[in-house]
Each structure stands twice: as C-alpha cells, then as structure tokens.
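Bear in mind that the values in this text are calculations on the coordinates, not laboratory data. Just so we're clear, the structure is a prediction, and the values are computed from it rather than from any experiment. Reconstructed Cβ throughout: ideal geometry from the backbone, glycine too, with neighbour counts over all protein chains shown.
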Amino acid sequence: MELNSLRQFLVVARLEHLSRAAEELRVAQPSLSRTIARLEGELGTPLFDRSGRLRLNDTGRLFRDHVERSLGELDAGRRAVAEAADEGVGSVRLVSETFLTLTGPVAAYKRAHPAVEIELHWAPAEDMARRLRAQDVDLCVASQPIRADGLESTQLFDEAVGVGTPLDHPLAARTSVGVDELVDQPFVTAREGHWVRRLHDRLFAGSALAPKIVCESDEPSAIADLIGAGLGIGLVPAFARRSVARAPLAWIPVDSPDCRRTVTLYWGADSHLSSAARRMRSTITGWNWAAGEPG
C-alpha cells in the first residue's frame, strides 16, 4: 500500500465526503475515488457505506485506527531524525480548546527556545485522544475530561466559572446568582462540543425552561466582547477575568458546585515525545497559573 493512498484515505475517513476531501487534498475527485476503491480491493472489503451519504463503516474505523498509529510512528521517526540532525532544536505540536489559557506559557517557552517550531491547533476534546494515539500531535490541553485508554495526564488547575453580564444588567451588582435565576436570560455561548457549551447544557439540564441562546460563537474568545456589547449574558471562566477587567462587563459567581472547569494536560502514554515537546510539557506543568508566570 502506498503511503499517499493511506494519507488520502484518512482525509476521506475524517470528512466522510469525497468532493470535500478531494478539494482539501487538491486532487481530482475521480482519482480519489479510484484510490479508495483500489485500497478496498487490496483489503478485500469495503471501508465505507455508500447508501446515501458516505459513511465510514466498522471495518473502516478499525483500519483508520491502525493507519493513524502506523503513520504516526513514521512521522515520529522522521521528527526524531530531524531533531538529531538539528542538534535538538526540533518542533512541538500543541492542541487546545482555547489558546487564551496557554498564551503565557507558550510565550515564555518561545522566548526561552526561539529556534523551536511551535504548531498550535484547535480541536474539540473528543478528537484529542485519537490524535494523541496517532501521534498526530504531541500535547493536548482540555477543559473537560478525556476518558480514553492510552493517555497520561496532569491537572493544571481547577477554577470557578461565573456569569458575565453587561455593566447595566440587573444582575451586574449581585455577589452571586443561582442557576434558576438565569433560565429566562438570553445567552451567548459556544457551539456544541466546546467545554463552555457542555457546561451550559449540564447546568440547565434539570430546568423546566432552557435559556434562550441568542448567539453560538465559533470564537469562544469573542464571547466576553459579545456580552459586553449587550447581546446577552454568558459563562466566563475565572481565568479570563483579567480580560473581563478590560471589557465592559461584570463577572458574578454562580451558586452551583458544578459550575467549574478543570484544565488538564494530556499526552500519549506510548508516544516518543521529542525533547522540544518534553520541554513544552515541563513549561506548562510548571506554570504558576495564579500569578501568570513561570513557577
């Protein structure tokens, strides 16, 4: 099997759409279709269900997992050789649900190791375990638990999540607020899958009335600005209060022990982390999150 065919298969498996995969790969769709058909012929079984929309079947998912691990090992070997040739400079690939949290340690790392190439990627938490096991990335920072085998982790910090409101909002002067007092409020939140949205959905799961969502943002960092503009209220983590202090909004604690987030660093248990990635892991785990400076 050709490596290029396997890489093309992974794109089709991820998108489950031939034309979009062909566009991303910059190849003709008929050529991509032939590649997938040839791969299925070599394996002797279909990898996709083609009744209606293209769907990866159980055999395809099994094969995808093995291909990801195999190509991940190959890429890890290439990086190890490149790192040795560059006398330990190397690169590190970091994935997070939000980069506001990581601005401090990443900036400090770059100042200390200016020659290291840093790749930052956004991904939802449910994709992180697969990407770590495939060695597609080195480190992941998640604001929600990742329950999967083959990972190691360390908790970075745990914090309260409050409600941000415009300064002229009736709740703005409160010292705390109950969940039941928020159900009739217009909410600005993130799209489904993001930790803010999942916390939002858990908080109001037992309420007879659900808050009206007036904005689902693709950019969680913009939520505070949208709240300050008067569009509605929304959940804002305590870590972001330094940004909130510069925005025209108030931050109110929520009377619920569940209105919190735990930020955790994950890496593959069997991954061969480069020295650059190990140094990044040490920088992040050693960071003083309360003071916003190296530990």
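Taking the helices alone, the chain has a mean residue ellipticity at 222 nm of -11500 deg cm²/dmol, built from -39,500 (n - 2.57) per DSSP H run of at least 4 residues and averaged over all its residues.
Taking 1 over the mean of 1/r across every pair of different Cα atoms in the stretch 118-181, what Kirkwood radius in Å do you get?
Taking the inverse mean of 1/r over all distinct Cα pairs, the stretch 118-181 comes out at 15.2 Å.
Computed over the alpha-carbon pairs of the stretch 129-218, the distance histogram in 10 Å steps reads 12, 37, 29, 16, 6 percent, short to long. Among residues other than Thr35 with Cβ under 12 Å from its Cβ, the summed charge is 0 (Lys and Arg +1, Asp and Glu -1).
Computed packing ranks the peptides 3-15, 202-214 as 3-15, 202-214, most packed first, by mean other Cβ atoms within 10 Å.
The ellipsoid that matches the Cα gyration tensor of the stretch 226-295 has semi-axes, each √(5λ) in whole angstrom, of 33, 15, 12, with the longest given first.
Simple point charges give the picture: +1 on the Cβ of Lys and Arg, -1 on the Cβ of Asp and Glu, and for the stretch 92-150 a dipole about the Cα centre of about 140 debye. Projecting the Cα atoms of Ser275, Gly150, Ala238 onto the dipole axis of the stretch 137-295, where Lys and Arg carry +1 and Asp and Glu carry -1 at the beta carbon, places Ser275 farthest toward the positive end. Short-range pairs are left out: with C-alpha atoms under 8 Å and at least six residues apart, the relative contact order of the chain is 22 percent. Specify whether the C-alpha gyration tensor of the stretch 84-159 places it in the rounded, prolate or oblate class, a ≥ b ≥ c being the square roots of the eigenvalues: rounded for a/c under 1.5, otherwise prolate if a/b is larger than b/c and oblate if not. Verdict is oblate for the stretch 84-159.
Size descriptor for the stretch 3-66, Kirkwood hydrodynamic radius: 11.5 Å (Cα pairs only, one decimal).
Panel note: the C-alpha atoms of the chain, placed on their principal axes, show extents of 67, 52, 32 Å (largest first).
Helix 29-43 sits at what angle to the longest principal axis of the chain, using alpha carbons and giving 0 to 90 degrees rounded to 10? Rounded to the nearest ten degrees, it is 70. Between the beta carbons of Ser5 and Trp122, assuming R0 = 30 Å, the FRET efficiency works out to 0.60 to the nearest 0.05.
Rounded to the nearest 20, the Cβ-based charge dipole of the stretch 1-93 about its Cα centre (Lys and Arg +1, Asp and Glu -1) stands at 420 debye. About the centre of its Cα atoms, the chain shows a dipole size close to 260 debye [charges on the beta carbon of Lys, Arg (+1) and Asp, Glu (-1) only; nearest 20 debye]. With contacts taken as Cα pairs under 8 Å and at least 6 residues apart, the stretch 3-66 reaches a relative contact order of 31 percent. The antiparallel fraction among DSSP beta bridges confined to the chain stands at about 60%.
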